[in-house]
1. Within region 172-195, can you find the residues that are touching a residue at least 60 places away in the same chain (Cβ under 8 Å) and in contact with a helix residue (DSSP H, G or I) (Cβ under 6 Å, 6 or more places away or on another chain)?
2. With respect to R141, is the statement that it is over 12 Å from the mean Cα position of the chain (by Cα), surrounded by fewer than 18 Cβ atoms within 10 Å (Cβ to Cβ) and part of a helix (DSSP H, G or I) true?
3. Just name the residue that is surrounded by the most Cβ atoms within 10 Å (Cβ to Cβ) out of those in region 33-59 that are within 16 Å of the ligand (Cβ to nearest atom) and modelled with pLDDT of 95 or more.
4. Could you grab me the full set of residues in region 119-136 that are assigned to a helix (DSSP H, G or I) and in contact with a Phe, Trp or Tyr (Cβ under 7 Å, 6 or more places away or on another chain)?
5. If I ask for residues that are surrounded by fewer than 16 Cβ atoms within 10 Å (Cβ to Cβ) and more than 11 Å from the ligand (Cβ to nearest atom), which ones from region 89-124 would you list?
Amino acid sequence: MKTPYSQKVIEHFLNPRNAGKIENPDAKASEGSPACGDMVRVYLKVNPQTLVIEDIKFESFGCASNIATASMATEMVKGKTLEEAKKISWKDVVDALGGLPPVKVHCAVLAVDAIKRAIENYEHTHGILKEKKPTDKEVIRERLEHVIDPAAGMDVIRVGTVKDYEIKDGVVTVYLNIPAQRDFASHIKEEIEETLSPLWDVKEVRVIFSSRD
Ligand code: FES
């Protein structure tokens, strides 16, 4: 049967490199795709002296292309410094895989964005940011736009799961439109805490559920 996937994509999908989880990672990040509602999580171990990525693992909750691109992208950045790793684009990864069908390119973007976000989180939590932009509503919104509400398969801003959010004295409060008993409520809370707490000037993240059903 003819497949739209290259041999390399199929090989990486069937035998993904670096799949799994790192316990006590130096940084991690989850990225949800606004295009399809899937998500990928990346864990990093970084040498604090050389800033070389010594280990990297991923968990994919996406499609075959997502698994293959996360596998290839993690292979490409492993052993590189954070600065070198940041330069790798989704296009480099797609090229290394021998191409992807155009409708699947966002799966590669997702994998690469997750790695970049994990690197960014490392820089935030280890005080090596080049530019210390204060966290404001725009920064919060940008991060929340990558948190997926699995019940809707869309990000929590677009689908209206998040009602409002604010930052005051380093405390971010996110008000949700859903009660704590709703399906995936605790998952969404964890994802929101995970994406906002690495920010360098954020001391605490509070997620408030709605009181009514
Ligand atoms: Fe969602 Fe590939 S990651 S379709």
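1. T195
2. yes
3. Among those that are within 16 Å of the ligand (Cβ to nearest atom) and modelled with pLDDT of 95 or more, it is V42.
4. Matches in region 119-136: H124 only.
5. Across region 89-124, the qualifying residues are S89, K91, D92, D95, G98, G99, P102.
The values are calculated or read from the model by the stated rules, or taken from the named source; none is laboratory data. All of these numbers come straight from a predicted model, not from anything done at the bench. Note that each Cβ is placed from the backbone with ideal geometry, even for glycine, and that neighbours are counted across all protein chains shown.
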